[in-house]
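Below: one structure, written as structure tokens.
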Amino acid sequence: MEGSAITSPKFMARIAGFLYLFIIIGALFAPFAGAPSGMMRENAALPNAAKILASPSAYFLGGVVQLLVFACDIGVALLFYELLKPVNRSLALLAAFLRLVFVAIISANLVNHFAPFVLLTNSAYLEAFSPDQVQALILLFSRLRTIGFDVALVFFGFHCLLIGYLLFRSTFFPRSLGLLLAIGGVGYLANIFANIISPAFRVHLFPYIMLPGGFAELLLTLWLLARGVNVQRWEEMSDATWKLRILP
């Protein structure tokens, strides 16, 4: 089955790689601890009134960068579905759905990022609360943002498990990438469930338990950019899947 260049597996893999690269850069370097990595830091890095007012444009930009990152996540979800549906169409669809749920939750959670900005840049709100109350509200929004991120990460962890399984079962990606991504998914989930069991215990695990997932996603990104997919094997598996679907 031959398609146009824009729907070729190698082209889709390269686009997914570029989108994933932007996701990684945005998650690591979004201004003012605006990225998920910033949300997970210790209390010293949490926003306060002085930090936000010192550079409100940087804080606002951090939220905008996150929105762009989540838009890229949507693209990655759809491209992974197209690339991996020859392996197992149902699981590829489920994996895409899980990532889209992750995006929906974490995008809605951005309200908690912008809420302190709205509070501090509106004189009517500042007059209604004392300075201590303002700081308490900012800390509350920051805590809610972290909780929202944790909820979203549950869906992302299961997404990584499924994608890792599909990569491992495919013949057009290295099996090691799938294994690493599945291990990373377990790490993401363990990080969340450790917090449910014992927040104090999670402090000792973080950020080390997140490193396998980040490492696996980085390797997958580099592979997508440098090698893409084995087109011949992708087409062979796609043809075999198509024939199974049309056989009576």
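Details
- Residues in the stretch 88-106 that are among the small types (Gly, Ala, Ser) and surrounded by fewer than 18 Cβ atoms within 10 Å (Cβ to Cβ): Ser90, Ala104.
- Residue satisfying all of: in the stretch 168-194; aliphatic (A, V, I, L, M), in contact with a Gly (Cβ under 6 Å, 6 or more places away or on another chain) and over 12 Å from Leu84 (Cβ atoms); surrounded by the fewest Cβ atoms within 10 Å (Cβ to Cβ) among these: Leu189
- Looking across the stretch 61-72, the residues that are surrounded by fewer than 22 Cβ atoms within 10 Å (Cβ to Cβ) and either of a type in the set (A, V, I, L, M, F, W, C) or modelled with pLDDT of 95 or more (or both) come down to Leu61, Val64, Val65, Leu67, Leu68, Phe70, Ala71, Cys72.
- Residue selected from the stretch 123-167 under the condition in contact with a Pro (Cβ under 9 Å, 6 or more places away or on another chain) and among the aromatic types (Phe, Trp, Tyr), by the criterion surrounded by the fewest Cβ atoms within 10 Å (Cβ to Cβ): Phe149
The values are calculated or read from the model by the stated rules, or taken from the named source; none is laboratory data. Only a predicted model underlies this, so the values are computations on that prediction, with no experimental measurement involved. All Cβ positions, even for glycine, are placed from backbone atoms using ideal geometry, and neighbour counts span all protein chains on display.
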